[in-house]
1. Got a number for the accessible area of Ser83? Probe 1.4 Å, square angstrom, nearest 10.
2. With every protein chain kept in the model, how would you rank Arg63, Arg186 by accessible area, 1.4 Å probe, largest at the top?
3. How much length would be gained if the chain were fully extended between Asp237 and Asp85, taking 0.36 nm per residue of separation minus their Cα-Cα distance, in nm to one decimal?
4. Using the Karplus curve 6.51 cos²θ - 1.76 cosθ + 1.60 with θ = phi - 60°, what ³J(HN,Hα) values do you get for each residue of region 178-191, in whole Hz, with x for Gly and Pro?
5. Report, in deg cm²/dmol and to the nearest 500, the calculated mean residue ellipticity at 222 nm for the chain, where each DSSP H run with n ≥ 4 adds -39500 (n - 2.57) and the sum is divided by the residue count.
6. Name the residues whose placed amide hydrogens come within less than 5 Å of the amide hydrogen of His82, ignoring near sequence neighbours (fewer than 5 apart) on the same chain.
7. Find how much the distance from Thr208 to Arg22 grows on full extension, using 0.36 nm per residue of separation minus their present alpha carbon separation; answer in nm with one decimal.
8. Distance from a point 7 Å along Cα→Cβ of Ile188 to each backbone N in region 152-179: keep the residues under 11 Å and list them by number.
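The values are calculated or read from the model by the stated rules, or taken from the named source; none is laboratory data. Quantities reported herein were computed from a predicted structural model and do not represent experimental measurements. Neighbour counts are summed over all protein chains in view; Cβ atoms, including those assigned to glycine, are modelled from backbone coordinates with ideal geometry. These area figures cover heavy atoms from the full protein model, side chains too; ligands, DNA and RNA do not enter into them. Shrake-Rupley method; radii C 1.70, N 1.55, O 1.52, S 1.80 Å.
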Amino acid sequence: MSHRPRKRFGQHFLHDPQVIDRIVDAIGPQSGDRIVEIGPGRGALTVPLMRRLGAIEVIELDRDVIPLLERACAGLGELNVHSADALRFDFAALTGAPQGLRLVGNLPYNISTPLLFHLLAQDTVFRDMHFMLQKEVVTRMAASPGGRDYGRLTVMLAAHCRVEQLFDIGPGAFTPPPRVRSSFVRLIPWPQPPFPEADPAHYARVVTQAFSMRRKTLRNSLKPIMDATAIAGAGCDPGARAETLSPADFARLAVVFGAQAEQSIDRAAAPREPR
């Protein structure tokens, strides 16, 4: 029984044994780890991980590939399959791992960014995450301030985890081969916030607004939510562009933005003087 990769699921099945071994070694599964794999497909990673651990949980949207996966893993241990969409999956429901879940996956490139944001919202349940992604996306994830690859994705990730770009993977390692190169990346959630903590919603609002017009200065890009005086009050140059700011700079802007929002609410709630 065979299974043709389906374009609507963004399926590119990993098949190169050397690449598979390198990935498993980078993950470094240890006895007692609770590993959850997103999109196992035909089991290229699932099988070697089960051989080391004896148990794994997987999340697979394509119901037709599950029988192939179960056959490939037969006799290797406990395979717990969640037939579900990872974009809607509640990872916090998989409790019981004292050191946190270890998440791995060959993520569909067509949903990689929204899936990453979905995972960030649940980052406290993860010990680490290892993913295959489009190289361009990983380059943006790991970018430093000042470059063209540095943007909203970089800054949003930086508030939640450390990003380590490990190695590249050529198209020939997959069936069918994608039109782009891939990279393998490790995400390690911060045990403590890496910079002064801001409200997550305020942080996201400021970052999104700043990069919505990335070629403009902060004075202009943030104008709908903050004026130049407030930007300077956060220790940032109103004449700078968003791509030059560090994640910590955005956190300070978010704190000021949040304070302004609270003052506006207080003024709106204050009783008015009778005329």
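1. 60
2. Accessible-area ranking of Arg63, Arg186, largest first: Arg63, Arg186.
3. 50.4 nm is the gain from fully extending Asp237 to Asp85.
4. For region 178-191, the Karplus-derived couplings read x, 7, 10, 7, 10, 9, 9, 10, 10, 10, 10, x, 5, x Hz, x marking Gly and Pro.
5. When only DSSP H runs of four or more count, the value is -10000 deg cm²/dmol.
6. Here Val58, Ile59, Glu60 satisfy the definition.
7. This chain segment gains 63.4 nm when fully extended.
8. Those under the cut-off are 162-164.
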